[in-house]
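Undergrad: I'd like to ask you about the structure that follows.
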Amino acid sequence: MEPSLESAVEVRSYLGPADERTLAEDVLDGLTRPLKELPPKHLYDARGSELFDAICELPEYYQTRTERLILRTEADAIVARTGAVELVELGSGSADKTRVLLDAMNHAGTLRRYVPVDVSETTLRAAAATLVGDYPGLSVHGVVGDFERHLGHLPEPLHRRLFAFLGGTIGNFPPGSRRRFLRRLRKVMSPDDHLLLGTDLVKDPQVLEAAYNDSAGVTARFNLNVLHVLNRELGANFDVDRFEHVAFFDRKREWIEMRLRATEQQHVRVQALELDVDFAPREELRTEISAKFTPERLREDLRAAGLRLTELYTDPDELFAVSLSGQG
Ligand code: SAH
Ligand code: TRP
């Protein structure tokens, strides 16, 4: 019997009521600190994921097109070098750039399975459905979950795997958690598996700041969307119009910091938590950092996690880097 397209896709979700608790705990923890803060994963509900895809198309946001260019140039070499039959992708999103890697594996005749891991279930399901249609014979095993907590749920490896973590998402971890995350990732990797990591590079602060302050205001809408998430999921009453998007390059720490600033004094009630939160005029809430890398920082972070950097691919303007590392 011909396998139907559906049978080529399997999606398992590890998010459940426990994760509503995660949001609640993160909010309780983050909004009661002297410097208010929220973890970035809550930015990516269905609307947030759509807005992120729109960010990737912005003229100021050079990351996506630059990373795609690097992948196009190097994909065949990456596939030859890793011998991967399986692509595991963390924070896969719409899996658009992923196609460059899948194409190269396809041409090499090694492509067997794609394993996307993402917290955004709608986005993951849509990507999985499109890919099985476009790559006959490909099986997709989707993991809807948190890559900080659910890496233990990856399917048993078929053979050599390439782990891809693209888009500079690694930069959204603060330095300590970044190394902890890489170490955990290394522990789930088999000795013959490789990690393909996309990192944004340190550069002219004006170029960096423009990428997070686009003139069309899409990044602002994306950032502000997290307040809609809190209003909807936790019965909060943030007046979204009385917050503004702030993004700047912290030159000492070499990261972009994204914040939401209350334009005036504001009292917010988070019903589900029976929590009252006050914002002073111009008080800020940190929603994300996006660390920028030098080759040295990258090599050291990988080394601290037990990974050895074997290739560093970049574009002619050295805006972005894609690195390959392994345990050997
Ligand atoms: N890889 C894509 C998308 C990057 S955006 C690209 O390069 O363009 C970051 C992606 O990671 C989003 O799809 C978001 O839903 C997902 N994500 C963010 N935090 C996550 C977490 N803790 N666990 C799993 N996925 C997460
Ligand atoms: N991983 C992306 C980055 O650091 C995410 C991102 C882009 C983002 N623009 C944003 C997150 C604006 C919050 C707000 O580049």
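The values are calculated or read from the model by the stated rules, or taken from the named source; none is laboratory data. None of the values given here were measured: they were computed from a predicted structure. Cβ: placed from backbone, ideal geometry, glycine included. Neighbour counts: every protein chain shown.
Undergrad: Mind checking which residues of region 1-28 are more than 14 Å from L230 (Cα to Cα) and either surrounded by 15 or more Cβ atoms within 10 Å (Cβ to Cβ) or modelled with pLDDT of 90 or more (or both)?
TA: Within region 1-28, A8, V9, E10, V11, R12, S13, Y14, L15 qualify.
Undergrad: Which one of G167, G152, G142 is surrounded by fewer than 16 Cβ atoms within 10 Å (Cβ to Cβ), within 26 Å of S13 (Cβ to Cβ) and modelled with pLDDT of 95 or more?
TA: Going through G167, G152, G142 in turn, the sole match is G152.
Undergrad: Here is a list of conditions, (1) among the aliphatic types (A, V, I, L, M); (2) within 15 Å of the chain's Cα centre (by Cα); (3) not in a helix (DSSP H, G or I), and L15 meets all of them except one; can you say which number that is?
TA: Only one criterion is unmet by L15, namely (2).
Let's see how each residue does on (1) within 25 Å of F181 (Cα to Cα); (2) part of a loop (DSSP other than H, G, I, E, B); (3) at pLDDT below 95; (4) within 16 Å of ligand 2 (Cβ to nearest atom):
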residue: T64; (1), (2), (3), (4): yes, no, no, yes
residue: E74; (1), (2), (3), (4): no, no, no, no
residue: D96; (1), (2), (3), (4): yes, yes, no, yes
residue: D103; (1), (2), (3), (4): no, no, no, no
residue: L124; (1), (2), (3), (4): yes, no, no, no
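Undergrad: Return the residue satisfying two criteria in turn: it lies in region 204-229 and is away from ligand 2 (no atom under 12 Å from the Cβ) and touching a residue at least 60 places away in the same chain (Cβ under 8 Å), and of such residues it is surrounded by the most Cβ atoms within 10 Å (Cβ to Cβ). Give the derivation first.
TA: Initial filter on region 204-229 (away from ligand 2 (no atom under 12 Å from the Cβ)): 204-207, 215-216, 227-229.
Next cut, touching a residue at least 60 places away in the same chain (Cβ under 8 Å) only: 207, 215-216, 228-229.
Details: V207: 13, S215: 10, A216: 13, H228: 16, V229: 20.
The residue in question is V229.
Undergrad: Pairs, please: C-beta under 8 Å, at least 6 apart or cross-chain, first residue among the aromatic types (F, W, Y) and in region 270-298, second loosely packed, with under 13 Cβ neighbours inside 10 Å and part of a loop (DSSP other than H, G, I, E, B)?
TA: Listed by first residue and then by second, the contacts come to F279/Q265.
Undergrad: Given (1) in contact with a His (Cβ under 8 Å, 6 or more places away or on another chain); (2) among the aliphatic types (A, V, I, L, M); (3) closer than 21 Å to R47 by Cα, where does A129 come up short, assuming only one miss?
TA: Evaluating A129 over (1) in contact with a His (Cβ under 8 Å, 6 or more places away or on another chain); (2) among the aliphatic types (A, V, I, L, M); (3) closer than 21 Å to R47 by Cα leaves (1) as the failure.
Undergrad: Can you tell me which residues in region 149-187 are more than 22 Å from K97 (Cβ to Cβ) and within 15 Å of ligand 2 (Cβ to nearest atom)?
TA: Residues of region 149-187 more than 22 Å from K97 (Cβ to Cβ): 149-150, 152-153, 155-159, 174-177, 179-180, 183-184, 186-187.
Correct list: P174, P175, S177.
Undergrad: Please find, among N172, N231, the residue that is within 15 Å of ligand 1 (Cβ to nearest atom), under 19 Å from K41 (Cβ atoms), polar (S, T, N, Q) and in contact with a helix residue (DSSP H, G or I) (Cβ under 9 Å, 6 or more places away or on another chain). Steps first, answer last, please.
TA: On the way: N231 fails: within 15 Å of ligand 1 (Cβ to nearest atom).
Answer to the check: N172.
Undergrad: Would you mention how many residues in region 88-102 are away from ligand 1 (no atom under 12 Å from the Cβ) and either in contact (Cβ under 8 Å) with a residue 60 or more places away in the chain or farther than 16 Å from E67 by Cα (or both)?
TA: Total meeting the criteria: 1.
Residue-wise test of (1) within 27 Å of Q327 (Cβ to Cβ); (2) over 16 Å from the mean Cα position of the chain (by Cα).
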| residue | (1), (2) |
| --- | --- |
| V100 | yes, yes |
| A104 | yes, yes |
| A128 | no, yes |
| H141 | yes, yes |
| D146 | yes, no |
| H159 | yes, yes |
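Undergrad: Which of (1) of a type in the set (D, E); (2) part of a strand (DSSP E or B); (3) without any contact (Cβ under 8 Å) to a residue 12 or more places away in the chain does D241 not meet, given it meets every other one?
TA: That leaves (2) as the condition not met.
Undergrad: What number of residues within region 248-269 are within 16 Å of ligand 1 (Cβ to nearest atom) and either of a type in the set (G, A, S) or free of Cβ contacts under 8 Å to residues at least 40 places away in the same chain (or both)?
TA: 0
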